[in-house]
1. Select from chain A the helices, each a whole stretch of DSSP H, whose alpha-carbon atoms run 27 Å or more along the helix axis and whose Kyte-Doolittle mean is at least 0.5; answer none if there are none.
2. How many angstrom lie between the Cα centre of region C:110-155 and the Cα centre of region D:175-196?
3. Suppose every Lys and Arg Cβ carries +1 and every Asp and Glu Cβ carries -1, with no other charges. What dipole size does chain B come out with about its Cα centre, to the nearest 20 debye?
4. On average, how many beta carbons from a partner chain sit within 10 Å of the beta carbon of a residue in D:105-116?
5. What spacing in nm lies between the two simple spin-label points modelled at D:Cys148 and D:Leu92, each 7 Å away from Cα in the Cβ direction?
6. Summing Lys, Arg as +1 and Asp, Glu as -1, what charge do residues with Cβ under 14 Å from the Cβ of A:Asn118 carry, A:Asn118 excluded?
7. Are there residues in region B:259-304 whose accessible area shrinks by at least 50 Å² when all protein chains are included rather than the chain by itself, and which are they (probe 1.4 Å, ligands and nucleic acids not counted)?
8. Past the 26 Å Cα-Cα mark, which pairs from D:Lys5/D:Lys206; C:Lys75/D:Lys182; C:Lys125/C:Lys148?
Amino acid sequence: MSIVRVTKEVVFLYKIILQLLVSGIAMGFVYGLVGIEYTLIWNSTGLLNFSHERIIMLGAYIFAGSFVLQTGLSVLPAIVATIIAIIFFAVFVAYTIFIPLRNMSALCAIMSTVMLGNIINESVRLYYGPEAITVKGFLTGMIRIGTLVVARAYVVIIFVALIILALLLLFMMKTKTGKAMRCVAQNKNASSLMGIDVQKNMMITIAISFSICSIIGLLVIPLYSVKQSMASMISLKGFAAGVIGGFGSLPGAIVGGLFIGIIENIAGMIFPSTFKDVVAFVCLILMLLLRPSGILGKKRIS
Amino acid sequence: MKRTFSILLAMMLLLTVLAPSVVASEETIKIGLLATLTGYPLNGEHMAKGAQMAVDEINEAGGILGKKVELDIQDVGNTTDVGINSCNLLISNKVVSIVGPHYSSTCLAIENLINAAKIPMLVGGTSPKIAKIDNDYLFRIRASDTMQAVAAAKYLVEGLDAKNVAILYGSDDFGTGGMEIASEHFSSVGVDWVAHPFNNEDTDVTTQILKCITSGCDSVMIWATEAAYPIVARQLYELGLIVPTITNPSLAVDSCLAQLEQEWVEDWYCVTDFLTSNSEEKVQNFIKAYEAKYGTEESVDLHCAAYYSGVKLVADAIERAGSTDTDAIRNALMETKDFEGIIGTMNPNENGEFIHEIILAQCNDLKVSYIKTIGE
Amino acid sequence: MKNILRVESLTKRFGGLVAVNDLSFEMEARSIHSLIGPNGSGKTTTINMINGTFPPTGGRIYFGETDITGMQTHKISTLGIARTFQNIKLFSTMTVEENLKVGGHSRLAPHGVVSYLLNPVEARKEENKLQVASEEIIAMLRLEDIAKSVVASLPYGKLKIVELARALMSRPQLLLLDEPAAGLNPSERAEFIDVLLKVFESGIDLFLIEHNMDVVMNISDKITVINFGSKIAEGDSASIQNDPEVIKAYLGEKYIMI
Amino acid sequence: MFSRKHTRKIYAVLIIAALAFPLISNNTYYITMLCLAFIYMIVAFGLNFITGMTGQVNLGTAGIFCIGAYTSALLTTKTFISPWLALLVVILFGFVIGIALGYPSLRLKGVYLSLTTIAFGEIVRQLVNNMTDFTGGAHGVRAIPPYCLFGFELNTKLRLYYFLLAVTIMFGLIAYRIIYSKWGRVFTAIRDNIDAVDTCGISSSKVKIIAFTLAAVFAAIAGGLYAHYSGYINPSTFTLNLSVSFVVMVMVGGSGTVLGSVLGAVLVSILPEMLRFLGNYYQIVFYILVFICTILIPNGIVNVFLERQKTKALPEKN
């Protein structure tokens, strides 16, 4: 009798751990996507984009607020329209901020992107109003595998993340523009001497990374509706994912994201749940101190 | 060129700081409103609209004591610093009383200021901590958390026969306050309970819900701000924890319901101080007037109703006091008897709490319907 | 003669690359010693190890009798070894005088922050000492007219001298100079050599790394030649000039016969 | 345009203006706003050593400020020891945090350090928010007693104003002495060329840690003062936004100068208030102004007017 009970408990525990792993992995892919986006801009401009949580939010607002709710587009054209709108915005931001700022001190760069984020945030509040909005029925629902429950949005996130990663890697390895981007990442001056248009390159990278931002924004709508604070935590964890995976490495960002997603969920089970963010950030600091090149990183930080 | 511009910019910034302040006019009676207009979470706009509507109605009816009423709206952001500044600004603008703020933490930060300035403040902060403060100028125009949470906990135990409750609460002042009161009640009636917090920024509450499931709970109580509902409700449904659930008033706010899917919150209960489906005449009239003023797409919620009532209550008190002396207003407020507010009949107790009733409601097909009113 | 610097089978590997291989030499006190070699022969790596920028993979370095192998840069500096860099490393937003004062910080102003704040009298004394010392050096190197200018606005030739002046502020026994003549035009070079000799006369031993033969040959007491990280010759300028190994390293195999 | 001698005159004018202000306007609104600006000034003085001088972006100052505030608040409300004694503990904490935060700065550079400090700030805020039993959680700490000075309770705004003014002048003096001393030179030297600092016989690691410790002690003390000034603290104040504000103070005011920190703190704490007449738009206007400043005058307002602004500029990134 007691053996039965123990077995039951073990099975129960097993199920719970499996469920935790699943949601950890799903959130991990979100963090990983954010990390990829950071990495792209970091590689091409050497700046960290501190406004990017607001760009994720902006993408979600443009999609849900402008295209779906205001103009009544159906989901697919709305997604395309959002990405196009964000790319226009990216080009604008690239030419007004990132390109002129590329030779500025890290301090100025950080502060100006932070302020850009604040400006976007306030504009969104003024334009779309303070209430949270959502797109009903967009990617909702769930999939059951045995006792395991996976939100449909999670599955989509994992697929999209993998597709984006694969496309980016292909783009970087095979296309001329991608190769040029890698050159710029390694040495801006040498690249411009070799006839690579560094400014155009930066613009393309920023456009790509902003579109990834907007895609992240779209993907998380079914998880927690569109509101101004929607990306504040995932953007910080995305940083952490990038660093833990190895800054500058695209697959590393995904690995780092998975690491954080899983660790924080397990930690949330052991400690009071609200401490899981603390655990994620402690991991980040430890990683920076013990192995600053990250799990997959090769380059030494200097 | 750039240097000239830089100098001009620098000079401009310096001059802005030295800009003279606006002098308060003596012609009108000023009522201050402290609302969260920037920062998170945002409900200040609704507060401001409700309060403004009250002021407009009063002015249309000829004002108070022959004078027009003016609403001085100031943003408290979501930090205590901005809250302190805006409260001081209102005091220096010579308002006769202050309505708001909505959040208990801001109330706690500024209560000593209004006490020193002897200006009555009618807050919507519901934390039990506020009731414990010895401050003669602090009034509450919403049902306290103590009342709300106890009502919710009582209904879980008595109405829904809960034996083992899981409390999911936001780790902010609001959620923690509700959890403390409810858990105390559960302990006192011998019901098992577990409580799991989540942060407002959390994007995933799987661990918390799994912990609830492991505890073998037969009912759930949620105490959190609106922002948490889309995540918590969805994951409760997905992870299959579908048991009798009762929540704080956030569920009854239309903008919150708009973000939820029908099956997530089917049959959930909530306690609330304002319900659009409440068939009482004063409520329906208020909704009609509000929609006529601001257009129909603007959803009416408890914020509009509570602060509308607050302003009306202050106006009534000034009328009764017959002067704009703040102490007279304060005394008149304390002498209020059966003032008909939109969110209930207002009668002050010795702690300055005006509302002593709460509505129990249930959500069906994303419509929250009235069940009954619970008195204290 | 006493040795001021002794290097024993010094080795440095970067991954698979051997930058310095089993290098040994001795430098006599009161002498100008040069280390020469073609590009990439490991000269700067050697000076970086002496100066403590990175630890050697193997071997030992003695400064006088003290073993300084693997010591931290700032400790080595306080022992009395100063250096200049091939691609000048100055504090570009500060004035020449301020640069010099930073150079004298550890020798003349060793007090910590708290004692500095609590004891204004001592603080002023320290500052005066720094002022006097920097004025001395400025006078010695004839930098009076640029003493108050910000470094970033100065021409390259002056920067070399300012860097030297900053190194002198710590009153070292031994000065390591990494390619001091690089990037200077002939007249600047001549001026710089004069300055170097003046410094040597003031009692500081010089250890030069140089690429430029005429500088080395004119002033060195002893020259060590390395190629691919290993010593290939050592001696005074005359013997080095005729050494076939050296000619081969510099000019290639076929020139030996001529 | 101005030399150092001129700035001394400016300091004198500023101090006299600050002393005379309550005589001209006894408006609590302005007095408390200035009190807050004084406290922020102390933080900015400290942060100037790290961010303004050694050039390392610290985005975790709110965390240190928070620890200072909570240490003092909890000690005085829970154990009833005097706020002055608590201040000693705060200084000790600041010291420890400074060293603890300084060590990562030895290994990490640029944005990596910014990330670490952001993570530190978040950890502190979340811990304070969630260790409910110990810190009071999101409810915060109430009824923090005011400082007592020579038997006077600093409970009125006016007393508090002069007390904070005095403390700020003291810290301003300390900061001024450090900036225009051998330490100031070494801090700037670290920003300009860290390798050369070591060859000058100065341990750059030690200097960095000194800079971090100074900044942390300043921020922690300011936090302690803040707790007693406000009388009530809660975790929602100590967000990343606050850390950003501190950096903005140093940057917009003018990095590397005391006057810059003074100006920056006044601007950041008073400008949004002055813009309130813009109603809904006041925040966005404030952010746009700061944004324009960071792009056009990255060295801050003071350095526009200072003689050496062209050359004392932040070095370009290589």
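1. Details: long enough: A:2-45 (63 Å, 1.17); A:106-128 (32 Å, 1.00); A:152-174 (32 Å, 2.54); A:198-224 (38 Å, 1.66); A:250-270 (31 Å, 1.74).
Span-like helices, by this rule, are A:2-45, A:106-128, A:152-174, A:198-224, A:250-270.
2. Comparing the Cα centres of region C:110-155 and region D:175-196, I get a distance of 12 Å.
3. Numbers: 25 positive and 51 negative charges, 199 e Å.
Dipole of chain B, to the nearest 20 debye: 960 debye.
4. Values: counts 0, 1, 5, 6, 4, 8, 12, 6, 2, 6, 12, 7.
Mean partner shielding for this stretch: 6.
5. Distance between label points: 2.1 nm.
6. Values: positive: A:Arg54, A:Arg125; negative: A:Glu53, A:Glu122.
Taking every other residue near A:Asn118 into account, the sum is 0.
7. With the partner chains in place, region B:259-304 has these residues losing at least 50 Å²: B:Gln259, B:Glu261.
8. Values: D:Lys5/D:Lys206 32 Å; C:Lys75/D:Lys182 19 Å; C:Lys125/C:Lys148 21 Å.
From the list (D:Lys5/D:Lys206; C:Lys75/D:Lys182; C:Lys125/C:Lys148), the Cα-Cα distance tops 26 Å for D:Lys5/D:Lys206.
The values are calculated or read from the model by the stated rules, or taken from the named source; none is laboratory data. In this text, all values refer to a predicted model and were calculated from it rather than measured experimentally. Cβ: placed from backbone, ideal geometry, glycine included. Neighbour counts: every protein chain shown. The accessibility values were calculated without ligands, DNA or RNA, using every heavy atom of the protein model including side chains. Shrake-Rupley method; radii C 1.70, N 1.55, O 1.52, S 1.80 Å.
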